[in-house]
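Let me begin by presenting the structure, written as structure tokens, before commenting on it.
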Amino acid sequence: MNETDEFIIDAFKQQGLASDELVEELRAEVAALPDSEVVDKNVSLMDALLERTGMPKQEIINYLSGELNMEAVDLSQLSLPEETIQLIKPEWAKKYEVIPIGENGMEIELVFANPLDNDALDNLSHLVGKSIHSKFAYRGEVLELINQVYGNAEESKLNDFFEGIEGEGIEIGDGVNPEDVSEEDAPIIKYVHSVIKDALERRASDIHMEPLEKKFRVRFRVDGKLQEQPDPPKRLQPSIISRTKLMANVSLAEKRVPLDGRINVKVGEKVIDLRVSTLPTVHGESIVMRILDKESLSLGLPQLGFFSDDQEIFEQVISMPDGIFLVTGPTGSGKSTTLYSALNAINKPDRKIITVEDPVEYEVAGINQVQVRADVGMTFSAALRAMLRQAPNIVMVGEIRDLETAEIAINASLTGHMVFSTLHTNDAPSAVSRLVDMGVKPFLVSASLRAALAQRLVRAICQNCKQPHTPTSSELSILGINEEQASNATFMSGAGCAKCGEKGFRGRKGVFEIFVVNSELEEMIYHNVSIVELRKKAREMGMRSMRNDGFRKVLAGVTTLDEVLMVTTEEE
């Protein structure tokens, strides 16, 4: 109940037109009305009071006008042109319950539903940047006109928003029954399809839909960087989220806990999986769709970013008959792509390959893939035990997360299996200390670990708009070379073009650190030497750091120095 309504009810009581009992009786009657039957229950209470007492509405308006010394307006007699309506944004009109009826220089005329709301007056004066000449009208009529005027304006705005959206040429699998799609849903479906289509065309790795306080933000991650897209209207947030969850085949009713699902997308002849994750936030469910393009698995090792010398070492390691090979790095550093590319390279008819993953990111022909399901007891360790009874040659464990999984993987490697897996460590030698920290005995690590590969991703210079770049003296200093040595290098930068979205970069390459365990390092691991000593010995034996590998790629014109410095740390 706002101040004006209370003021009117008090006036009715003081004039003896309504008793406390009558007011409470009417309140109860209005409270019992279904929400769908009333625009506003306070308005309905005032209407009921006027009807029960027989008091004409105009008499109330005249009484208020005299008491408040404010001009009353008959809204039915007004004609509001479009330019007048646009003096106030729809969200302001609805929040403060006002209608603009004109302006004169630095003054704007507003009709208030609640003329006693001084805060609304002050806030609107600040928002419009003008002084306000306030008038008032019966609240029910103001609210009705707001819905009539701004409802149409918003509908028009939505039509403009949806006009030109192209969601065609894309087929969404699983979760959507065409018969369930109503005419009202169609624009929302078209919008979600268009977002996915745009993301694929721009080579995005994931789509972020984020509910914020006053807007629904949509962003694409392209080459590792988030880029904002046009935001859909905030009021469409629930519909877009529900439609996306339906496509991902997850529960629409459950909004309190995180959910995971998948969407299969067919664009032309190309099939792409989207891994969908929802997360409840204070302003609604945040959705991230991770785009898993199977074509990236068929990348050759040079396309991943390996130079020929590192590629030769990598191929030797993945072709070993037994042992453990670990790929390390933070989330989003390309570990899965590297491992899948390795599996793809050694996936031959005479080898049996089994993977255990959470979740299965890419489905690969010729490989047996197992999905972890902790809810039914199918954990990494349980799946790994069962896999070994299937007599595989090569085993891939999505991630070694605990001692039990680590010990089973190591035992598998010691009994004639080649085991691939990932770890979250900062560099390659740290994989040793991570396993020992988990509780694995150093002698088991030394006997099983064949190599560890640490990697990061840097943006590659766009091949379409690359141009020669003259390095500054500070860049040469960081690279540790002089001008004479620089003359033999190929420094490049991207000018920016339509192909790369004017960014100067297109695609990403890896920078690598390969830690290969030989007999000398094996003995050091066996004696549990410190990671500092281990790293130092590996450097002496020719291991190149990720930063140094990045510097090689700067000198070869693959990427820029800023990119390498951003993702790698200085050597100790």
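See the values below:
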{"quantity": "The one condition in (1) within 28 Å of S333 (Cα to Cα); (2) within 17 Å of the chain's Cα centre (by Cα); (3) β-branched (V, I, T) that V282 fails to fulfil", "calculated": "(1)"}
{"quantity": "Test: L444 is aliphatic (A, V, I, L, M), over 22 Å from M566 (Cβ atoms) and surrounded by 13 or more Cβ atoms within 10 Å (Cβ to Cβ)", "calculated": "yes"}
{"quantity": "Meets criteria (at pLDDT 80 or above and either out of contact with any Leu (no Cβ under 7 Å at 6 or more places or on another chain) or of a type in the set (S, T, Y) (or both)) for L121", "calculated": "yes"}
{"quantity": "Top-ranked residue in segment 473-489 [being within 19 Å of V558 (Cβ to Cβ) and either in a loop (DSSP other than H, G, I, E, B) or among the polar types (S, T, N, Q) (or both); ranked as most open to solvent (accessible area, probe 1.4 Å)]", "calculated": "N488"}
{"quantity": "Selection status of E285, outside any helix (DSSP H, G or I), without any contact (Cβ under 8 Å) to a residue 24 or more places away in the chain and open to solvent by 10 Å² or more (accessible area, probe 1.4 Å)", "calculated": "no"}
{"quantity": "Qualifying positions in segment 490-515 - modelled with pLDDT of 90 or more, over 18 Å from V564 (Cβ atoms) and surrounded by 19 or more Cβ atoms within 10 Å (Cβ to Cβ)", "calculated": "F515"}
{"quantity": "Unique residue being in contact with a strand residue (DSSP E or B) (Cβ under 6 Å, 6 or more places away or on another chain) and modelled with pLDDT under 90 when the list is G366, G305, G323", "calculated": "G305"}
{"quantity": "Tally of residues being in a helix (DSSP H, G or I), under 14 Å from F515 (Cα atoms) and open to solvent by less than 30 Å² (accessible area, probe 1.4 Å) across segment 418-438", "calculated": "3"}
{"quantity": "Long-range neighbours under 8 Å by Cβ, at least six apart or interchain, first residue open to solvent by less than 20 Å² (accessible area, probe 1.4 Å) within segment 229-240, second in a loop (DSSP other than H, G, I, E, B)", "calculated": "I240/P232"}
{"quantity": "Test: R450 is among the charged types (D, E, K, R), open to solvent by 30 Å² or more (accessible area, probe 1.4 Å), in contact with an Asp or Glu (Cβ under 7 Å, 6 or more places away or on another chain) and assigned to a strand (DSSP E or B)", "calculated": "no"}
{"quantity": "From the options V356, V370, V327, residue that is closer than 20 Å to I410 by Cα and free of Cβ contacts under 8 Å to residues at least 24 places away in the same chain", "calculated": "V370"}
{"quantity": "Qualifying positions in segment 411-424 - in contact with a Gly (Cβ under 8 Å, 6 or more places away or on another chain) and farther than 12 Å from S448 by Cβ", "calculated": "T422, H424"}
{"quantity": "In segment 526-567, the residues that are in contact with a Phe, Trp or Tyr (Cβ under 9 Å, 6 or more places away or on another chain) and among the basic types (K, R)", "calculated": "R535, R544, R552, K553"}
{"quantity": "Out of E475, E484, sole residue that is of a type outside the set (G, A, S) and free of Cβ contacts under 8 Å to residues at least 24 places away in the same chain", "calculated": "E484"}
{"quantity": "Residue within segment 446-459 that is basic (K, R), free of Cβ contacts under 8 Å to residues at least 40 places away in the same chain and within 30 Å of S205 (Cα to Cα) present", "calculated": "no"}
{"quantity": "Every residue from segment 500-519 that is part of a loop (DSSP other than H, G, I, E, B) and either without any contact (Cβ under 8 Å) to a residue 12 or more places away in the chain or in contact with a strand residue (DSSP E or B) (Cβ under 6 Å, 6 or more places away or on another chain) (or both)", "calculated": "C500, E502, G504, V517"}
{"quantity": "Selection from segment 427-465 of residues that are charged (D, E, K, R) and under 28 Å from A556 (Cβ atoms)", "calculated": "D427, R456, R459"}
{"quantity": "Flag for E522 being more than 18 Å from R450 (Cα to Cα), outside any loop (DSSP other than H, G, I, E, B) and open to solvent by 50 Å² or more (accessible area, probe 1.4 Å)", "calculated": "no"}
{"quantity": "Flag for V271 being part of a strand (DSSP E or B) and open to solvent by 50 Å² or more (accessible area, probe 1.4 Å)", "calculated": "yes"}
{"quantity": "Residues that are of a type outside the set (D, E, K, R) and without any contact (Cβ under 8 Å) to a residue 12 or more places away in the chain, drawn from segment 301-318", "calculated": "P302, Q303, S308, Q311, Q316"}
{"quantity": "Scope segment 548-572; condition charged (D, E, K, R), open to solvent by 50 Å² or more (accessible area, probe 1.4 Å) and not in a loop (DSSP other than H, G, I, E, B); matching residues", "calculated": "R552, D562"}
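The values are calculated or read from the model by the stated rules, or taken from the named source; none is laboratory data. Quick caveat, the model's predicted, so the values are computed rather than measured. In this analysis, Cβ positions are derived from the backbone assuming ideal geometry, glycine residues included, and neighbour counts consider all displayed protein chains. What goes into the accessible areas is simple: the full protein's heavy atoms, side chains included, and nothing from ligands, DNA or RNA. Shrake-Rupley method; radii C 1.70, N 1.55, O 1.52, S 1.80 Å.
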